[in-house]
Amino acid sequence: GTIWPSDGLFSVSNVAGSQEVVMTTSGGLGEAETAGVMLNVIPRDGGNQFSGTFAYSGANGSMQGSNYSDALKNAGLRSPQELLKVWEINPMGGGPIKRDKLWFFSAQRWWGNSSFVPGLFYNKNTAAWIYEPDLSRPAVNDNTNRHHNARFTWQLAQKHKLNLSYDTEQNCVC
């Protein structure tokens, strides 16, 4: 189906579950209700052959450069932004339940990132309301996301299909 962004922001959490994604932009012309970005996403629906893919990517702080200089230290930046990890795991697959009649497809995605927050530190005073930075423990911004979907497609007649779809997403900005 078509995804209409709100406030100019949009998210397609797992494009591996899509057969085709088309992005168009409009300046408020007749082909769209509103101006902006529009995504047309056509979901995958399995087929008569079992198939699947598995994708993984990641990086850590050893793959990051730094421009943290004495000038930045002297300007008051106590610590730089530093990557701890960024990662993604994305398996997907589908196939027939009953040939030429009923298919399944599922795509899963786990992804996240973790980094030190520039200039912020944990509090030494864990029981007090007074903040005292623990300069040995930089604050961490940790984001994890999960997206799971499952789709069943039933061929009712030559030109008619019925889809049952389930999607769930969990996000944690910790």
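Can you tell me which residues in region 65-90 are open to solvent by less than 70 Å² (accessible area, probe 1.4 Å) and either part of a loop (DSSP other than H, G, I, E, B) or among the acidic types (D, E) (or both)? Once the filter is applied, which keeps residues that are open to solvent by less than 70 Å² (accessible area, probe 1.4 Å) and either part of a loop (DSSP other than H, G, I, E, B) or among the acidic types (D, E) (or both), region 65-90 yields G65, Y68, S69, G76, L77, S79, P80, E88.
The set of residues from region 121-155 being over 15 Å from G46 (Cα atoms) and aliphatic (A, V, I, L, M) comprises A127, A128, I130, L135, A139, V140. All conditions but one from (1) closer than 18 Å to G93 by Cα; (2) part of a loop (DSSP other than H, G, I, E, B) apply to I130; the one that does not is (1).
Applying the set (1) open to solvent by 50 Å² or more (accessible area, probe 1.4 Å); (2) at pLDDT 80 or above to G58 leaves exactly one unmet item: (1). Looking only at residues that are more than 30 Å from L164 (Cα to Cα) and of a type in the set (S, T, Y) in region 97-122, which one is most open to solvent (accessible area, probe 1.4 Å)? Per the criteria, the residue is Y122. Pairing each residue of region 38-61 that is closer than 14 Å to G94 by Cβ and among the basic types (K, R) with any residue that is modelled with pLDDT of 90 or more and crowded, with 16+ Cβ neighbours inside 10 Å, provided the two are 6+ apart or on different chains, yields C-beta distances under 9 Å for R44/M92; R44/G94; R44/F105; R44/A107; R44/R151.
Let's see how each residue does on (1) closer than 30 Å to Q49 by Cα; (2) assigned to a strand (DSSP E or B); (3) not aliphatic (A, V, I, L, M):
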{"site": "D100", "(1), (2), (3)": "yes, no, yes"}
{"site": "W111", "(1), (2), (3)": "yes, yes, yes"}
{"site": "V117", "(1), (2), (3)": "no, yes, no"}
{"site": "D134", "(1), (2), (3)": "no, yes, yes"}
{"site": "H148", "(1), (2), (3)": "yes, yes, yes"}
{"site": "Q155", "(1), (2), (3)": "yes, yes, yes"}
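Checked against the criteria, N125 counts as open to solvent by less than 90 Å² (accessible area, probe 1.4 Å), farther than 30 Å from R151 by Cβ and assigned to a loop (DSSP other than H, G, I, E, B).
The values are calculated or read from the model by the stated rules, or taken from the named source; none is laboratory data. In this text the structure is predicted, and so the values were computed from the model without any measurement. Using ideal geometry, Cβ is built from the backbone for each residue, glycine included, and neighbour counts are taken over all protein chains shown. Accessible surface is based on the protein model in full, side chains and every heavy atom, while ligands, DNA and RNA are left aside. Shrake-Rupley method; radii C 1.70, N 1.55, O 1.52, S 1.80 Å.
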